[in-house]
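Okay, structure first, notes after.
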Amino acid sequence: MDLRFVSLIVAMIFCGALAAPVVADEGFWKSRSIDTERDDLGYYCSLRIDEEDRAYIAYYSETDDSLHLAWEPYSWDSASASGKPYFAWSRITPAGSTLGKGVSLWVNDTGRRFAFSCVDSSFHIYLGEGGFRPAGRDGYAPYIISMTDETTRYIIAAGPTSISRYYDTYTIVTDILYLNGYLQTPGLSRMSIHNCTDPLNQNCNGTTVQNRVVGSNNRGEGQSIARDVRNFVAYGECWYDNINGTLQYINLRYGGLHDVVDGSSAPAGTYCSLAYDSRGDPHISYQGIYDGGVLKYASKKDSNWTIETIDTTRGAGQYSSLVIDLNDEPHISYSTGAQLKYASKNGTEWYTQVVDTTPTQWTSIAVDSKNRPHIAYYDSRKGDLRFAWWEPYLRGRPFPR
């Protein structure tokens, strides 16, 4: 065969490979266990990532009945040089205290301060404040600054909780969603805690706590509170009304505008997770309950909601967790009961992928500064907290789609 012809064929194959579109199969998910105790850890877990791409996971240990915190001492890029991220971990509430159930975590941009909401087995609700201080082996170690029991005579609290925080001119405002069994019809309540940052200013009133009923008929199948942290133009909540079988949303920024998003024709709204894009428009991932469960997604623009069904695999949508990245692309982690899955959107098309084939009962997702997804989840077969991340074969493809 003519050598020039062979060279031409090789060149065509090579150039074609370079020009071929990057598809989702050109990468893979990796995962690892987090806590070396390897006991029953992580049924409640909450993942956050700071601006230096370090991950933080708050999670509950059923073994010693306490709250643990795992963190990456180094940024993601430096940690990934060894092939997998390195985590340190520590117990942050006393063993046997049961403090930490239903945990939800907040971390500031630098990752040196954190806050969390949780409940205990006595149905009390707590707000914890913590920070990091220099330590030997891992550079920094967490410590608790305060742990405040926010329970009043009108609260019988249960998890899961959902925390949101923002800084006003003179005040730190922390909002916590939780289930309240004190109500005549047990349902959802929101606690707003205002901490004055400038006690010499006449606009400050020290620390004030307000409790409001958000919605009745909620039994813990999912609720979420979120803020538009980029532009501060939106603030709201979603929850499932299990009497009417509907997904509910309320915009707290503009007079508490209340929408029934989905469920009028068939029950929908369990395991809802709320996030906002850069325009302040709300997005919600949740489970449609018909046909054994499907993963659904609702987004609002102007005054109209768009409803999409993403995954019709039986059981899909359990423990859904949603984040919107810097390009306004949605990322969802969720369980089918039998496996952990991930969904992302490429323009108008959804792509779903199996992350782990283990039975999963809790998920929490976050993206880093390069829009790479990271997932904390509970392996219910092994009773293990795990962490998953996407590794593309080719650079420039931060997530599968």
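The values are calculated or read from the model by the stated rules, or taken from the named source; none is laboratory data. Since the model is a prediction, treat every value here as computed from it, not as a measurement. FYI the Cβ positions are ideal-geometry reconstructions off the backbone, even for glycines, and counts take in every protein chain you see.
Any chance you could count how many residues in the range 246-267 are surrounded by fewer than 19 Cβ atoms within 10 Å (Cβ to Cβ), at pLDDT 90 or above and in contact with a Leu (Cβ under 6 Å, 6 or more places away or on another chain)?
So the count comes out to 0.
Restricting attention to the range 112-125, which residues are surrounded by fewer than 24 Cβ atoms within 10 Å (Cβ to Cβ) and among the hydroxyl-bearing types (Ser, Thr, Tyr)?
121, 122
Could you figure out which of (1) assigned to a loop (DSSP other than H, G, I, E, B); (2) at pLDDT 85 or above isn't true of residue 131?
All conditions pass for residue 131, except number (1).
What are the pairs with Cβ atoms under 6 angstrom where one residue, in the range 234-253, is free of Cβ contacts under 8 Å to residues at least 60 places away in the same chain and the other, located anywhere, is in a strand (DSSP E or B) and acidic (Asp, Glu)? Sequence gap at least six, or different chains.
Taking only residues 6 or more apart or on different chains, the pairs are 247/262; 248/241; 249/259; 250/237.
Please determine, by comparing only the residues of the range 214-245 that are crowded, with 19+ Cβ neighbours inside 10 Å and more than 22 Å from residue 363 (Cα to Cα), which one is modelled with the lowest pLDDT.
Ranking the qualifying residues of the range 214-245, first place goes to 215.
Using the structure shown, decide if residue 376 is within 26 Å of residue 55 (Cβ to Cβ) and of a type in the set (Gly, Ala, Ser). Step through it out loud before you land on a result.
Details: within 26 Å of residue 55 (Cβ to Cβ): yes; of a type in the set (Gly, Ala, Ser): yes.
Yes; evaluated as a whole, the condition is true for this residue.
Name every residue in the range 326-355 that is in contact (Cβ under 8 Å) with a residue 60 or more places away in the chain and surrounded by 20 or more Cβ atoms within 10 Å (Cβ to Cβ), in order of residue number.
331, 334, 342, 355
For the range 346-396, enumerate the residues that are among the basic types (Lys, Arg) and touching an Asp or Glu at 6+ places or on another chain (Cβ under 6 Å).
Of the residues in the range 346-396, the ones among the basic types (Lys, Arg) are 370, 372, 381-382, 386, 395.
Correct list: 386 only.
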